[in-house]
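Below is one structure, written out as structure tokens; the observations come after it.
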Amino acid sequence: MINIVYRLKSPKFFEESIDEVDLDGVIVRPSHLSICQADQRYYQGSRPAEVLERKLPMALIHEGIGEVVFDSTGEFESGDKVVMIPNTPTGDDVCRANYSYKSKFRGSGFDGFTSDLIKFEPTRIVKIPDDFNPHVSAFIELISVAYQGISKFSELAVTPNDTLGVWGDGNLGFITALLLKEKFPKSDVMVFGKHMENLNLFSFADGVYQIHNVPDHVVVDHAFECVGSSASQSAIEQIIDLINPQGTINLFGVSEYPIPINTRMVLEKGLTIQGNSRSEREDFIGVVETLKENPKLFEHLEKLVTNVCEINSLNDLKEAFDKDYISKFGKTILKWNK
């Protein structure tokens, strides 16, 4: 089957190419996609030059949903709405597939979701209800990243979780704080951020603080860092100062550069630092089930949808990336009409 793929050839320049799709799996037509900061780093050319040279041209986007158009395996029906899993294991490993060097990740080393059709193994998609909000469903992948980190934290923490602190007032901080409040309703979820206009949106949290104005009495049992970039350093420093002994520091933020950590205080307090990246099938299933059980979560998650762009041409795609880049908060959703 003929397929058209829309790849980033060089920063800010997309091109079309014709590929062939074999009908020996599940064929999905994307319907709604979501731009991630990782996509923007490729589009803006802010990744190191050697990385761009090695990975481009490449189709971007690893967050999205679509509709099944054909399934040779018989596990799905034509018209089924599904969330697409970007992580693709390529062999057995002792660690989870989202941490395995044997896995491939769409939009990071091989083609993402900006194409007319995409072929999947049945395990790489998860069916979603027809009545799910498509704009929110487009970034289930991002929600699943927070979900898997919180699941790992639940297994790791040895001290009480009366007070949970989330550092970061962006998209991932919002989602992480929301899921923490859903999973631990009796815990106080406190959010620490820089922008009061963002913090005002965290209506479900038990408290919000600007990082430069935290009262002396505030402490947390466990912390979740969702800041990323060079700002991770100051966030981690503040976390180490405010966290109780034997707490866990759960890192989600991505930085292109090494971040120094005050290991003296990590040792003195007996802290555990846990890294979190990407997610796997069980996390997608967990998110879908959580949204089914508590559909009111959609009301909060809809606050993250700041742009919805209809994509009918490469120029539309470029304009959507440019619009997303100047947005200081929220997600840009692509209604994929290609």
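The values are calculated or read from the model by the stated rules, or taken from the named source; none is laboratory data. On a predicted model such as this, the values are computed, not experimentally measured, just so you know. Methodologically, a virtual Cβ is constructed for each residue, glycine included, from the backbone with ideal geometry; neighbour enumeration extends over all protein chains shown. For the accessible areas, the whole protein counts, side chains as well, though only heavy atoms, and no ligand, DNA or RNA atoms are used. Shrake-Rupley method; radii C 1.70, N 1.55, O 1.52, S 1.80 Å.
Of all lysines in the structure, those lying under 16 Å Cα to Cα from residue 55, and not within fewer than 8 positions of it along the same chain, are 9, 12, 104.
Which is the longest part of the chain that has none of the GluC sites (Glu not before Pro) sitting in a DSSP loop with at most 16 other Cβ atoms within 10 Å?
Segment 78-255 is the longest.
For the chain, with all protein chains in place and a probe radius of 1.4 Å, 49% of the accessible heavy-atom surface sits on carbon or sulfur.
Candidate cross-link partners of residue 296 among the aspartates and glutamates, defined by an alpha-carbon separation under 16 Å and a same-chain spacing of 8 or more, comprise 131, 182. Normalised by 2.2 N^0.38 Å, where N is the number of residues, the alpha-carbon radius of gyration of the chain equals 1.00. Using a Förster distance of 56 angstrom, determine the FRET efficiency expected from the C-beta separation of residue 217 and residue 10, and round it to 0.05. E(calc), rounded to 0.05, equals 0.60.
What does the C-alpha gyration tensor say about the overall shape of segment 85-160? Classify as rounded when a/c is under 1.5, otherwise prolate if a/b is larger than b/c, or oblate.
Working: a/c = 2.31, a/b = 1.24, b/c = 1.87.
Oblate shape, in that a/c is at least 1.5 and b/c is the bigger or equal ratio.
Taking Cβ atoms as reference points and 14 Å as the exclusive limit, the residues near residue 329 contribute a net charge of +1, counting Lys and Arg as +1 and Asp and Glu as -1.
In this structure residue 163 has an accessible area near 30 Å², from a 1.4 Å probe over the protein heavy atoms. A full extension of the chain between residue 200 and residue 3 corresponds to an added length of 66.5 nm, given 0.36 nm per residue minus the alpha carbon distance.
Which of rounded, prolate, oblate describes segment 275-316, given a ≥ b ≥ c as roots of the alpha-carbon gyration tensor eigenvalues and a/c under 1.5 marking rounded, otherwise prolate only if a/b is larger than b/c?
Oblate, since a/c reaches 1.5 and b/c is not below a/b.
Listed values for segment 240-253 are Karplus-derived 3J(HN,Hα) couplings in whole Hz (6.51 cos²θ - 1.76 cosθ + 1.60, θ = phi - 60°), namely 4, 5, 9, 7, 6, x, 6, x, 10, 10, 9, 8, 10, x, and x replaces Gly and Pro. Looking at segment 205-303, the trypsin sites (Lys or Arg not before Pro) that sit in a DSSP loop and have at most 13 other Cβ atoms within 10 Å of their own Cβ are 296.
Note on residue 188 and residue 101: their simple-model spin labels are 4.4 nm apart, each label 7 Å out from Cα toward Cβ.
Annotation: for a label point projected 7 angstrom from Cα along Cα→Cβ of residue 19, residues of segment 115-144 with backbone N closer than 19 Å are 115-126. Solvent exposure of the chain amounts to 46 Å² per residue of accessible area, where only protein heavy atoms count and the probe is 1.4 Å.
Counting only lysines at least 8 places from residue 292 when in the same chain, those with an alpha carbon closer than 16 Å to its own are 81, 127, 183.
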